[in-house]
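Remarks on the structure that follows.
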Amino acid sequence: MRNISLSDEEQSDILPKTATLWWRTPQDFDENGHLKVDISDLSKLTPRLKILREMERLAFISTEGLEDLRHKLITYRAGDFWLPVGGVKKEEMEIAPVITIVLVGLCASGKSSLVNYMYSVLGRSGLIPFAQTSSGNSHYTTMFLEEHNVLRSMRSGFCVYDTRGLDTNDMIEGLDEVSTWMTRGVRHNQPCFRHDDYNNNKITNKRYTKRNVDCAIIVADLSEINKAFISGDLKDVVALKSLFNNSSIRKSNENPLLILTHGDTVSAEERINSRLKICEFLGIPETTGVYDVACLTEQGILPEESDPVTAFALTEAVYRSLMQSDRNHQPKKKLKDWIMLFLTWILCCIGAFFAILANFFSKCSQPHNKKLKY
């Protein structure tokens, strides 16, 4: 395999001059933008080199590949990425009209910022904020589920849900709520109130369509991960692992996608090392299904013009989530399946009835047993 690192002249032809190749540090790259270590032998690649190689891959195809991938998302319809398996035809599969992707993560992990970045990159909205964020001194928290049509298209084949962040001090309640979303579905403007919230009005507007969740993307703050490993206080990292390993999120053998945000607030070395550490802690590969998305739009121009690598990484993450979703569709229930479900329900009712009778007669016989003792 050839070295995909680019020289300065080639880089200037492919990438805009405003692009930031943050991973190209003097420690790993020479002055011409080539890796100092030969990566042709894949068996000798260290985890660090795998990340550098992955970033070089994204840089190499970002400019030309972004438009191609964006076009695939714009023309995407639910089930387009489905492949025939198990002898079942596509028309026999249970495929919803719209694929639903849910962003989950700890509080202030960057979920709403990621939604805004999706609008900018995929919907070409510029810097218009569609989702309110908790950046800066703001203490805003998403209190309702928000459905976003990030393509800004009436024919969009997927939607993205912004959710409330999980509190590390009450992960049990947070994980229960995530499990409810994954198993029972989500609805736009659905309340996300917790037990300690002042306004605990859980009335949901039923007029919004209820959608079954097809894929969950976990969003994590890389700067907070870096702080956790430096300080040794791994509370946030442990909470993230419990969310990542939640059984309701894993709908197949594939790991949930992980998007690392706010990496721009730490040094390049810390950015790489923190990614290595969190991937090792979660027990996942350093590159497959993991994306570094800084969500920066401070330059005042479209994100893909300021950082095409990050824009492509985000687009590829969405594309990959749709591929995961289409692979997890289940066959439609046939008549015999409904009959078996009905019979199972009848048997459960009969079992519950006899259990109630047994409990009733057991209580009735207790006074009689006491009289016999005397």
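Structural remarks
- GLU286 accessible area, 1.4 Å probe, all protein chains in place, Å² to nearest 10: 40
- Modelled FRET efficiency - R0 25 Å, GLU64 with ARG250, Cβ distances, 0.05 increments: 0.15
- Cross-link pairs exceeding 28 Å in C-alpha to C-alpha distance, out of LYS89/LYS111; LYS72/LYS336; LYS111/LYS210, comprise LYS89/LYS111; LYS72/LYS336.
- Reachable lysines from LYS363, criterion Cα separation under 24 angstrom, eight or more residues apart if same chain: LYS371, LYS373
- Set of the stretch 161-192 residues, backbone N closer than 15 Å to the point 7 Å along the Cα-Cβ line of ASN205: 187-192
- When the residues ASP162, ASP68 are ordered by accessible surface, computed with a 1.4 Å probe over the protein chains alone, the sequence from largest down reads ASP68, ASP162.
The values are calculated or read from the model by the stated rules, or taken from the named source; none is laboratory data. Values in this document were obtained by computation on a predicted structure and should not be read as measured data. Glycine gets a Cβ as well: all are built from the backbone with ideal geometry, and neighbour counts include every protein chain shown. The area values use the complete protein model at the heavy-atom level, side chains included, leaving out ligands, DNA and RNA. Shrake-Rupley method; radii C 1.70, N 1.55, O 1.52, S 1.80 Å.
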